[in-house]
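Student: Dropping the structure in here first, questions after.
The values are calculated or read from the model by the stated rules, or taken from the named source; none is laboratory data. All values derive from a computational prediction rather than experimental measurement. Cβ atoms come from the backbone with ideal geometry, glycine included; neighbour counts cover every protein chain shown. Keep in mind that these areas ignore ligands, DNA and RNA; they rest on the heavy atoms of the full protein, side chains included. Shrake-Rupley method; radii C 1.70, N 1.55, O 1.52, S 1.80 Å.
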Amino acid sequence: TAESAKASVKGYDKQIADAGRDAAQARSDASSAELARAKLEKEISPRTLDDKHRKASSERLKPFAANFATRKITVLSYILDAEGIIFSLEIMDVLFRAGIKSEPIIGREIPAGIPNMGVRITGPVKDKVFIETLAKEINVAADTPVDAEWAARYVDVRVEVGLKPVFGLPVVDK
């Protein structure tokens with residue numbers, strides 16, 4: 001009969017509406033899971049400067065090469081920190097491509113107490129613009145915190161690659 005057909009249609013309408021709601025919830029859950037996966041991946045993946053970024057960064061640092069014709073930049077990382085050692089080598093590659101000599105103390109630094117996190121670049125005031133530029137290049141390309149400081153007490157530029165920061169941990173004052 002017509003009435004039973006209408007009842008069947010209403011039943012199907014409800015099933016279709018329920019299926020639509022379920023599909024929307026599934027899409028939302030999948031989106032949340034994807035965001036969580038991306039966040040975890042970022043947290044556990046190593047800091048890196050891919051070849052494209054190393055080439056681009058070295059081009060932006062080339063104008064500073066003449067300032068370092070008779071000086072070397074010290075690049076260092078901690079002993080037993082494989083991620084930091086590789087990241088240090090990538091920073092050295094940027095400097096090399098820019099025509100800037102570096103002195104590697106990679107994988108040989110032994111921290112006393114709590115090791116530094118992130119990257120710290122220090123140097124004399126005369127190298128302020130270079131330090132700012134290098135810090136920005138590393139920060140943008142590797143999406144990692146970079147602390148930069150220039151002061152009269154520094155004689156040479158030094159790039160210290162500390163441990164990869166774990167976001168959410170408390171900061172310990174030394």
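Student: Would you mind checking the tilt of helix 2-44 against the longest principal axis of the Cα atoms of the chain, expressed as 0 to 90 degrees and rounded to 10?
Tutor: Between the helix axis and the principal axis of the chain, the angle is about 10 degrees.
Student: Carbon and sulfur atoms: what percent of the 1.4 Å accessible area of the chain do they account for?
Tutor: 60 percent
Student: By its C-alpha gyration tensor, with a ≥ b ≥ c as the square roots of the eigenvalues, how is the range 108-174 shaped: rounded for a/c under 1.5, else prolate for a/b larger than b/c, else oblate?
Tutor: Oblate.
Student: Let me make sure I get this right: for the range 37-102, a, b and c are the square roots of the gyration tensor eigenvalues over alpha carbons, sorted descending. Under 1.5 in a/c it's rounded, otherwise prolate if a/b > b/c, else oblate. Which is it?
Tutor: Judged from the Cα gyration tensor, the range 37-102 comes out oblate (a/c at least 1.5, b/c at or above a/b).
Student: What order, most packed first, do the peptides 100-112, 151-163 have when packing is the mean number of other Cβ atoms within 10 Å of each residue?
Tutor: 151-163, 100-112
Student: Compute for the chain: radius of gyration divided by Kirkwood radius, i.e. Rg/Rh, restricted to C-alpha atoms, rounded to two decimals.
Tutor: Here Rg/Rh amounts to 1.36.
Student: Using just the helices of the chain, give the 222 nm mean residue ellipticity in deg cm²/dmol: DSSP H runs with n ≥ 4 each add -39,500 (n - 2.57), and the total is spread over all residues, rounded to 500.
Tutor: -17000 deg cm²/dmol
Student: Roughly speaking, what is the stretch gain from K72 to A30, that is 0.36 nm per residue apart minus the C-alpha to C-alpha distance, in nm to one decimal?
Tutor: Additional length available on full extension: 10.1 nm.
Student: Determine the shape class of the range 68-162: with a ≥ b ≥ c the square roots of the Cα gyration tensor eigenvalues, call it rounded for a/c under 1.5, and otherwise prolate if a/b is greater than b/c, oblate otherwise.
Tutor: rounded
Student: Then there is this: So with the 1.4 Å probe, I'd like the accessible area per residue for the chain, rounded to whole Å².
Tutor: Averaged over the residues of the chain, the accessible area is 63 Å².
Student: Any chance you could run the full-extension gain for L80 through A23? It's 0.36 nm times the residue separation minus the Cα-Cα distance, nm to one decimal.
Tutor: Result: 15.7 nm gained on full extension.
Student: Okay, next question. If amide hydrogens are placed 1.01 Å from N in the peptide plane, which non-local residues have theirs closer than 5 Å to the one on V75?
Tutor: Those lying under 5 Å, H to H, from V75 are E103, I105, V159.
Student: What's the ranking of 121-127, 62-68, 20-26 by average number of surrounding C-beta atoms within 10 Å, highest first?
Tutor: The densest-packed peptide leads the list: 121-127, 62-68, 20-26.
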